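Reading through the structure tokens given below for one structure.
The values are calculated or read from the model by the stated rules, or taken from the named source; none is laboratory data. Quick caveat: nothing in here was measured; it's all calculated off a predicted structure. Every residue, glycine among them, receives a Cβ derived from its backbone with ideal geometry; neighbour counts consider all protein chains shown.
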Amino acid sequence: MRLSRLVSRKRSAQVGIGLGVTAVHLALFAALGLVKASAPDQEPSPHMQVTLVPITLEPPPPPPPPPPDPAPRAGGGAPSAPSVLRPTPAPKAPPELPAPPRPAPEQPLVIGVSPDPTPSPQPAAGQGGSGAGVGGGDGDGVGPGRGGTPPMILRGPTTAEILAIVPPEARRARRAGRASINCVIGLDQRLGDCRVVSETPAGFGFGEAGLRAAPYFRYRPPTSPSGAPIPGQRATITVLFGRQ
């Protein structure tokens, strides 16, 4: 019995407390309503002033640079072909010409002004033709014949030099003539120890004029089969003096 009474008393106390709290809440709500109702009697607030402030827009930042190209990676292609070194072909030697079985006979040299009295369309002094040539070769062979090279003329007197040594007697008589001289060919290609072999016609001084023409000549001396020059070789030269 006592326990039930205690329980009922506690419940009555709790109910009383709840009713008191509710009454307090209602009183607060009523006070707030009175405050809100008296708010219109207050003086109105002044108008608001708005100030516009210009905003400076900054330029947009530049776009970022493009990404760099990726570095090439080694490999990927076929290997290059190996280099080929091509040697320069050796020059071909010219074919060796066989030596004639019998050498040609040496012809006497004739240099000077032609004695032909036939006038030309335009009269003028002229010099007879002269030839010069060189040759060479090497090799071994077996056969008949002789080695070495004969003497060869390198230079003869010009037409002006021939006219300068014409004998005075032939110039006065307007006679043409010739002289043959025999000289030693020196190793310096000059003629020496010259002597008169013949002169035509005689008595006009063509022999002496032929000797005066010797210093204008240059000869290559003959050579031995080994190619060495042979000293003391003599040659016969005919000098022509045309009509004056």
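Would region 140-163 turn up any residue that is part of a loop (DSSP other than H, G, I, E, B), within 50 Å of the chain's Cα centre (by Cα), farther than 27 Å from Ile230 by Cβ and at pLDDT 80 or above? Yes, that holds for at least one residue.
Which residue out of Gly205, Gly177 is touching a Ser or Thr at 6+ places or on another chain (Cβ under 8 Å) and modelled with pLDDT of 90 or more? First the steps, then the outcome.
Numbers: Gly205 fails: touching a Ser or Thr at 6+ places or on another chain (Cβ under 8 Å).
Being touching a Ser or Thr at 6+ places or on another chain (Cβ under 8 Å) and modelled with pLDDT of 90 or more holds for just one of Gly205, Gly177, which is Gly177.
The residue of region 195-204 that is nearest to the chain's Cα centre (by Cα), among those that are surrounded by fewer than 20 Cβ atoms within 10 Å (Cβ to Cβ) and not aliphatic (A, V, I, L, M), is Arg195.
Report yes if Asp188 is surrounded by fewer than 15 Cβ atoms within 10 Å (Cβ to Cβ) and in a strand (DSSP E or B), otherwise no.
Working: surrounded by fewer than 15 Cβ atoms within 10 Å (Cβ to Cβ): yes; in a strand (DSSP E or B): no.
In short, no.
From the list Arg171, Arg190, Arg234, the one residue that fits, being of a type outside the set (Gly, Ala, Ser), out of contact with any Leu (no Cβ under 8 Å at 6 or more places or on another chain) and farther than 24 Å from Met152 by Cα, is Arg171. The number of residues in region 69-87 that are at pLDDT 70 or above and hydrophobic (A, V, I, L, M, F, W, C) comes to 4.
State all residues of region 164-185 that are assigned to a loop (DSSP other than H, G, I, E, B) and either exposed (fewer than 14 other Cβ atoms within 10 Å of the Cβ) or within 53 Å of the chain's Cα centre (by Cα) (or both); if no residue qualifies, say none. Once the filter is applied, which keeps residues that are assigned to a loop (DSSP other than H, G, I, E, B) and either exposed (fewer than 14 other Cβ atoms within 10 Å of the Cβ) or within 53 Å of the chain's Cα centre (by Cα) (or both), region 164-185 yields only Arg174.
Looking at the structure I just gave you, is Leu240 touching a residue at least 60 places away in the same chain (Cβ under 8 Å) and over 47 Å from the mean Cα position of the chain (by Cα)?
On the way: touching a residue at least 60 places away in the same chain (Cβ under 8 Å): yes; over 47 Å from the mean Cα position of the chain (by Cα): yes.
So Leu240 fits the description; yes.
For region 196-244, a tally of residues being closer than 24 Å to Arg172 by Cβ and part of a loop (DSSP other than H, G, I, E, B) returns 8.
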